[in-house]
Amino acid sequence: MEENDILKLFEDTGALLNGHFRLSSGLHSGNYFQCALLLQYPDIAEKLCRELANYFKDDKPTCVVAPAIGGIVVSYETGRALGVKALFTERSEGKMTLRRGFELKKEDRVLVVEDVITTGLSTREVLEVVKSKGAEIIGVGCLVNRSGKILDLGVKLKSLAKLDFPTYKPEECPLCKKGIEIKKPGSR
Ligand SMILES: [Zn+2]
């Protein structure tokens, strides 16, 4: 799938909105992105995660790991496409960790996946968890890279789409100057 087809899926599912939005940071933007609105459709989630799986399948991963909550669906569907286990990490007292009896072995070849990479922080935390188990990391895959730059995670990185929207301070917002009605994302 081409990046444009993927962006169209985001728009068609309402995950990517155009307009005038007040973000939770207080900044204004002409776009809003909420990946969960795409992933609520299992058939689309399956299709996109298969794209990620295909990119990494020759590296023969034995396991997929993602950070909860946003990454769980991506881990599960990518694991399904590869025919391997799908695990997730979660925070326990602020520290990213594998819980629930999930195990990684030294022989495991791990593909780390995410729905959206913004700063790369949670991805790095998952990579640390995997390394601490002695398992090999074959790469990182995400549906969307929002970092606005080429991230160096020290491993192969594949993103299906890149999104980089300008944000504005309210007093400098060109959309406010045009008098366009502002919305809070999530409300209609
Ligand atoms: Zn504005």
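Throughout, read-outs are computed from the coordinates displayed, never taken from laboratory work. Since the structure is predicted, the reported quantities are computational estimates derived from the model, not experimental observations. Glycine gets a Cβ as well: all are built from the backbone with ideal geometry, and neighbour counts include every protein chain shown.
Conditions (1) surrounded by fewer than 17 Cβ atoms within 10 Å (Cβ to Cβ); (2) in contact with an Asp or Glu (Cβ under 8 Å, 6 or more places away or on another chain), marked per residue:
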residue	(1), (2)
10	no, no
20	no, yes
26	yes, no
41	yes, no
44	no, no
47	yes, no
52	no, no
61	no, no
67	no, yes
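Quick one: which of 156, 169 is basic (Lys, Arg) and within 18 Å of the chain's Cα centre (by Cα)?
Working: 169 fails: within 18 Å of the chain's Cα centre (by Cα).
When all the criteria are applied, what remains is 156.
Six or more apart or on different chains, Cβ atoms under 7 Å: show the pairs whose first residue is in the stretch 62-76 and part of a loop (DSSP other than H, G, I, E, B) and whose second is of a type in the set (Lys, Arg).
Partner pairs satisfying both residue conditions: 62/109.
Taking the residues in the stretch 5-45 that are within 30 Å of residue 166 (Cα to Cα) and charged (D, E, K, R) as candidates, determine which candidate is nearest to the ligand (Cβ to nearest atom).
Among residues in the stretch 5-45 that are within 30 Å of residue 166 (Cα to Cα) and charged (D, E, K, R), the one nearest to the ligand (Cβ to nearest atom) is 22.
Is at least one residue of the stretch 121-130 touching a Pro at 6+ places or on another chain (Cβ under 6 Å) and either within 16 Å of the ligand (Cβ to nearest atom) or over 20 Å from residue 38 (Cα atoms) (or both)? Walk me through it before giving the result.
Taking the stretch 121-130 first, the residues touching a Pro at 6+ places or on another chain (Cβ under 6 Å) are 122, 126.
Within this subset, residues satisfying the condition of being either within 16 Å of the ligand (Cβ to nearest atom) or over 20 Å from residue 38 (Cα atoms) (or both) are 122, 126.
Looking through the stretch 121-130, at least one residue is touching a Pro at 6+ places or on another chain (Cβ under 6 Å) and either within 16 Å of the ligand (Cβ to nearest atom) or over 20 Å from residue 38 (Cα atoms) (or both).
Please find, among 144, 155, 140, the residue that is touching a strand residue (DSSP E or B) at 6+ places or on another chain (Cβ under 6 Å) and surrounded by fewer than 17 Cβ atoms within 10 Å (Cβ to Cβ). Step through it out loud before you land on a result.
On the way: 144 fails: surrounded by fewer than 17 Cβ atoms within 10 Å (Cβ to Cβ); 140 fails: surrounded by fewer than 17 Cβ atoms within 10 Å (Cβ to Cβ).
Going through 144, 155, 140 in turn, the sole match is 155.
Looking at the stretch 9-40, which of its residues are over 19 Å from residue 70 (Cβ atoms) and in contact with a strand residue (DSSP E or B) (Cβ under 9 Å, 6 or more places away or on another chain)? Spell out the reasoning first.
Kept after step one, since they are over 19 Å from residue 70 (Cβ atoms), are these residues of the stretch 9-40: 11-12, 18-22, 26-30.
Within the stretch 9-40, 11, 18, 19, 20, 21, 22, 27, 28, 29, 30 qualify.
Mind listing whichever residues of the stretch 91-124 are under 15 Å from the mean Cα position of the chain (by Cα) and either of a type outside the set (S, T, N, Q) or at positive phi (or both)? So that I can check it myself, show each step before the final result.
Taking the stretch 91-124 and keeping what is under 15 Å from the mean Cα position of the chain (by Cα), we get 111-124.
Scanning the stretch 91-124 gives 111, 112, 113, 114, 115, 116, 117, 120, 121, 124.
Take residue 114 and tell me if it is of a type in the set (Asp, Glu) and surrounded by fewer than 19 Cβ atoms within 10 Å (Cβ to Cβ).
Values: of a type in the set (Asp, Glu): yes; surrounded by fewer than 19 Cβ atoms within 10 Å (Cβ to Cβ): no.
So residue 114 does not fit the description; no.
Select from the stretch 143-188 the residues that are among the acidic types (Asp, Glu) and more than 16 Å from the ligand (Cβ to nearest atom) and list them in ascending order.
Those that are among the acidic types (Asp, Glu) and more than 16 Å from the ligand (Cβ to nearest atom): 152, 164.
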